[in-house]
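Some notes on the structure that comes next.
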Amino acid sequence: MEERDCIRCGKCTVVCPLYQAYRTEAMSPRGMLALIDALDERMVLPTSNEVRRVLENCLFCQRCRKGCPVRIKPMERIMDGIARYGGKRRLHRFISRRISPLQKKGTLIFPGCVIERSETLFKAGLEAVKSLVNDFGVIRNTCCGAPFLEEGNLALAAFALERISHIARNAKRLVTLCPSCAVTLKESAGRFGIKIPRVLFIGELLKPNYKKEKAKVFHFGGCVSEAMGWAEKIRTYLRDSGVDVVSSEKALCCGKGTRRKTKRTNKRLSDALLENLFSEFKKSGCEILLTDCPQCLVEIRRLKTNASLLFDFLSAKSTSE
Ligand code: SF4
Ligand code: SF4
């Protein structure tokens, strides 16, 4: 698709959690796109740390992709801007190992690095997959490349994606346990011209005929799942399955995007976003906070809350494909 010009309508700005926190145009997708245009046109020089700091505040939550009348994906342009005007090198332990292609031809599960770090989540993820897919292989020790994209290191991101392309070259599809990995694999591989099998997030496999469960949950899909429309479908699925589901449009972001230990870290913003999510959860009167995103889970558990990951909650309850 051809590169389009932003018409500055502000639809992306009103849904941006960064803007909600700061209420300043500079901390909004529209403002950041304007800044990148100004940098490209040399109206602003990329020498000041302030310029980089603004771009690097983006939470990479994907919310701004929804509803743009000229179908721009602001986050991709912001990542590209960081690659050209900010960014730093960092080698991920997952991509420095030697690899060979897996022989499995059907479905490969891509757990993602957050799930792989937790034996409990990894096992729960595989249990959930077993109830949805008959036969599958698992890709271990890999990174989807998102951390490099966020830091503007396109070379390492492409390297990580090439690696997955190589491992999965015999497979028909990849099923990820993390919504962010799904979007990165779906979209960024294409951007770099790297061939990857069809990608699905595990939430996309759910079917509305699963056994009735009595439970009341507060569902926060996580920014990416909400932006991709998966969270809404998951809520419908849960309701059809007898679960009492509460959600809130005011629960915007867990704050993880700006808590990572990089130069982008903004602890005050991160704390404010997490507190806001927690207060929406408390208002709901629910006892369980359910999220689709493993990164959100890690963040939410910092509050010692009864939080659960979608597939952990569903494991052993879903029907077969
Ligand atoms: S990705 Fe999220 S934080 Fe970044 S500009 Fe878009 S809506 Fe705002
Ligand atoms: S990126 Fe799209 S939604 Fe955002 S201001 Fe520009 S035209 Fe409007």
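Miscellaneous remarks
- Rolling a 1.4 angstrom probe over the chain with all protein chains present gives an accessible area of which 50% lies on carbon and sulfur atoms.
- Here each label is just a point 7 Å from Cα along the line to Cβ, and for Lys105 and Arg198 those points are 1.6 nm apart.
- Remark: the Cα gyration tensor places the range 11-85 in the prolate category, a/c being 1.5 or greater and a/b exceeding b/c.
- Around the amide H of Ser308, modelled in the peptide plane, lie the amide H atoms of Leu289, Leu290, Thr291, all under 5 Å away and 5 or more residues distant in sequence or on another chain.
- Charge dipole (debye, nearest 20) of the chain; +1 at Cβ of Lys and Arg, -1 at Cβ of Asp and Glu: 660
- The chain - mean residue ellipticity at 222 nm from DSSP helices (-39,500 (n - 2.57) per run, n ≥ 4, rounded to 500): -11500 deg cm²/dmol
- Gyration tensor verdict on the range 117-180 (Cα atoms; rounded if a/c is under 1.5, prolate if a/b is larger than b/c, oblate otherwise): oblate
- Per residue value of the accessible surface for the chain (all protein chains in place, 1.4 Å probe), Å²: 47
- Three-way shape call for the chain based on the alpha-carbon gyration tensor, with the a/c threshold at 1.5: oblate
- Subtracting the Cα-Cα distance of Lys233 and Lys66 from their residue separation scaled by 0.36 nm leaves 58.6 nm.
- Sorted peptide list for 11-18, 123-130, 69-76, criterion being average Cβ within 10 angstrom, highest first: 11-18, 123-130, 69-76
- Computed FRET value (nearest 0.05) for Arg302 with Glu127, which takes r as the C-beta separation and R₀ as 25 Å: 0.50
- Note on Arg173/Arg53: beta-carbon distance plugged into 1/(1 + (r/R0)^6) with R0 of 25 Å gives a FRET efficiency of 0.05.
- Multiplying the residue separation of Asn141 and Arg191 by 0.36 nm and removing their Cα-Cα distance gives an extension gain of 15.7 nm.
- When each of Lys123/Lys214; Lys186/Lys282; Lys207/Lys304; Lys11/Lys282; Lys11/Lys250; Lys130/Lys282 is checked by Cα-Cα distance, pairs over 26 Å: Lys186/Lys282; Lys207/Lys304; Lys11/Lys282; Lys130/Lys282
- Entries in Lys66/Lys105; Lys73/Lys172; Lys73/Lys104 that, when Cα-Cα distance is taken, lie over 30 Å: Lys66/Lys105; Lys73/Lys104
The values are calculated or read from the model by the stated rules, or taken from the named source; none is laboratory data. Note that this is a predicted model, so its numbers are computed, not measured. Glycine gets a Cβ as well: all are built from the backbone with ideal geometry, and neighbour counts include every protein chain shown. When the accessible area is computed, the model is the full protein with side chains, heavy atoms only, and any ligands, DNA or RNA have been set aside. Shrake-Rupley method; radii C 1.70, N 1.55, O 1.52, S 1.80 Å.
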